[in-house]
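Remarks on the structure that follows.
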Amino acid sequence: MATLIRGKLSNKLSNAATAVSNKSQAKVSGMFARMGFQAATDEEGLGFAACDDLDYDHRQGMQMDILTTDEAGGEGGGGDGGGGTLDGDSHYQRDGTGPPSSTSKDGALAEEARPKITVWEAGWNVTNAIQGMFVLGLPYAILHGGYLGLFLIIFAAVVCCYTGKILISCLYEEDEDGQLVRVRDSYVDIANACCAPRFPALGGHIVNVAQIIELVMTCILYVVVSGNLMYNSFPNMPISQKSWAIIATAALLPCAFLKNLKAVSKFSLLCTMAHFVINVLVIAYCLSRARDWAWDKVKFYIDVKKFPISIGIIVFSYTSQIFLPSLEGNMQKPSEFHCMMNWTHIAACILKGLFALVAYLTWADETKEVITDNLPPGIRAVVNLFLVSKALLSYPLPFFAAVEVLEKSFFQDGGRAVFPDCYGGDGRLKSWGLTLRCSLVVFTLLMAIYVPHFALLMGLTGSLTGAGLCFLLPSLFHLRLLWRKLLWHQVFFDVAIFVIGGICSVSGFIHSMEGLIEAFKYNIEE
């Protein structure tokens with residue numbers, strides 16, 4: 001009798017502790033699962049952050065219900081020890097090891113109650129991801145690629161649209177009746193399924209490493225572009241680009257104390273709209289100089305040493321695959337996903353191609369890495385101040401996502417954690433957790449100081465993680481999971497994309513690294 005009572009009491013305490021732990025993590029897990037840790041690539045998954053309030057309220061209420069249910073029903077569920085798991089949260093497991101979806105009535109109701117987004121909202125988030133401020137580097141890609149650079153803008157749009165669709169198809173399998181059923185929830189789940197049964201967690205680790213690299217590189221790019229824009233906006237001031245980068249980083253230090261992105265998300269939408277206005281202003285200025293356009297400068301040639309870097313720049317501007325599984329899972333009508341991908345990428349292709357061509361025709365061989373640096377001093381200062389504000393307000397999103405991945409991997413992984421938890425029992429951040437965050441901010445500053453080259457860093461990121469997440473892995477996963485059901489032309493497309501993506505990735509990575517090493521040596525000697 002005593003043993004039975006102790007068993008029941010132990011189960012109740014275990015269930016309550018598990019649910020309370022889940023509750024403490026709900027504040028950020030939903031938002032980052034919905035953006036799939038990409039914004040970003042980055043930066044432009046901010047549309048998901050704007051939905052955080054509604055999502056957080058719903059998830060907090062749902063978890064309190066689960067806590068109450070566990071306390072009331074712990075005796076009945078104590079035998080299997082699973083009463084304390086968060087059944088309704090299976091779509092938010094980043095590592096692919098979460099509990100299976102609930103099949104109970106309450107679980108189904110919770111799934112139905114979860115707020116969904118329309119196809120237009122989904123399209124807006126994809127547009128944010130692929131129409132961000134990094135399009136400012138596209139005219140520089142035309143400088144080194146000519147018409148071939150324009151072709152690559154179109155080609156990258158077609159390929160990224162296709163790989164986004166096949167990545168989503170990897171989430172589904174046919175049941176006994178031949179109906180498609182969603183059996184996976186994230187990019188990590190797909191990667192783990194491809195590596196099972198021998199290495200069931202290897203794929204997830206690879207994807208997580210790629211996520212961290214892309215997120216940290218995105219943070220570095222924000223610091224670099226902030227220093228570059230401020231230096232070129234006020235060239236007469238006795239402040240170097242490195243000093244401006246330090247000033248920008250000082251403004252970003254409060255990010256180390258962030259617990260959520262509620263305050264930042266309120267400004268994010270305004271910054272995104274301001275960026276579209278800036279693009280219109282740049283194009284309007286270029287059109288005003290249409291009589292002086294240098295059509296003879298656009299040729300069918302490539303700069304063999306610098307064009308591979310341009311490939312990485314173009315690919316990086318289209319990265320959105322990392323959060324597409326979560327996006328599709330949160331759509332009211334997932335059947336409209338393909339249509340949404342078509343019109344968003346067609347629009348992106350047209351706008352990017354026109355922006356890059358018009359800007360290059362205006363300045364030709366004088367085109368700079370960040371096109372706004374070519375504007376007249378008066379207009380340049382105003383435009384660049386808007387862009388710096390957008391960069392600084394966008395920095396917290398990839399920074400916070402990178403911190404979450406690092407904390408989960410090394411500090412919050414249960415008994416497998418390498419270091420103790422970053423948070424105390426009262427939810428306060430401990431000293432080593434704050435040190436981790438401050439170190440990450442300082443690391444982005446050091447990289448921005450010693451390698452202050454926007455195009456090189458963007459090309460390296462696009463060649464390394466952009467090509468991998470957008471070209472290589474989706475085509476490989478598609479072949480691995482669905483090869484028996486593919487038609488011959490689908491197999492051909494997947495193989496061709498994998499080969500082309502591999503060549504572009506390797507060549508771009510090599511040339512970008514060569515440029516970065518030279519720049520690093522130069523700055524060390526200086």
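Bear in mind these aren't lab numbers, they're just calculated from the coordinates by the rules spelled out. Note that the structure is predicted; figures quoted are calculated from it, not measured. A quick note on method: Cβ atoms are made from the backbone with ideal geometry, for glycine too, and the neighbour counts reach across all protein chains shown.
Just a few scattered comments:
- Rg and Dmax over the alpha-carbon atoms of segment 295-366 stand at 16.8, 49 Å.
- Under the combined filter of DSSP loop state and at most 14 neighbouring Cβ atoms within 10 Å, segment 117-204 retains these GluC sites (Glu not before Pro): E176.
- Scaling the Cα radius of gyration of segment 273-314 by the globular reference 2.2 N^0.38 Å produces a ratio of 1.60.
- Projected over every direction and averaged, the convex hull enclosing the alpha-carbon atoms of segment 169-238 yields 7.2 nm².
- Over 22 Å between alpha carbons, listed pairs K305/K521; K352/K390; K116/K390; K242/K306: K116/K390; K242/K306
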